[in-house]
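Values quoted throughout were computed directly from the atomic coordinates according to the rules given, and no laboratory measurement underlies them. Model, not experiment: these values are computed from the prediction. Cβ placement follows ideal geometry from the backbone for every residue including glycine, while neighbour counts extend to all protein chains displayed.
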Amino acid sequence: TYSFNLDFNIKNTSGAITDTKSVAFSITTQPLNNISVQGTPDVNFSFVSPSDFQTGKSINMPNHLLVTNNKAFEIYVKSASANFSLNGTPTTLPASIVQIENGTGQSGVITKSLSTSSQAIMSGASPALDQSVSLKYTIPAAQAALLLNQSPGATPYLLNVIYSFTNQ
């Protein structure tokens, strides 16, 4: 809350101050902080050719996050589990094969591989109202090799990703 007084001097026609009135002002700002996933929240990788495994794949998610915070902030990411699951059963496929980095036109995102520990992917961000954050999800070629010898099929491997943020 910001408070201040304004003093008004009341003058007569000759310019002499005849009275002073004080008006108290206060401005209260409520914390504004929200982070949400925009549009289609799912990131769907499809490895269908030898080239996909040899070169890796990336999926750009423009305006993937929407952040409002009236203070400087950091954005964090973590995976809900250490490994992907298949049909609700944990697998040996590690979450760390996925990297998160700047999406197209985005700057300030620190590249991180997913883990169950919260990691800052954006630090020192200025206060913002409805700021979009574009992210790119990548499975690099070196990590794509871990997809070999996994169960193929139409049932996808699943992993939940959790975003959070704090004021600085």
- Item | From the C-alpha gyration tensor of region 36-94, square roots of 5λ in Å | 28, 17, 11
- Message: For region 93-168, what are Rg and Dmax over the alpha carbons, in angstrom?
- Response: 14.9, 46
- Between region 118-146 and region 1-80, how many Å separate their Cα centres? 19
- Descending packing, highest mean Cβ count within 10 Å first, for 75-83, 101-109, 28-36, 10-18 is 75-83, 101-109, 28-36, 10-18
- Query: Based on the mean of other beta carbon atoms within 10 Å per residue, what is the order of 60-66, 39-45, most packed first?
  - Reply: 60-66, 39-45
- S46 to K71: extension gain in nm, 0.36 nm per residue of separation minus the Cα-Cα distance? 5.1 nm
- Cα point-scatterer Debye curve for the chain, base-10 log of I(q)/I(0) at q = 0.16, 0.19 Å⁻¹: -0.96, -1.21
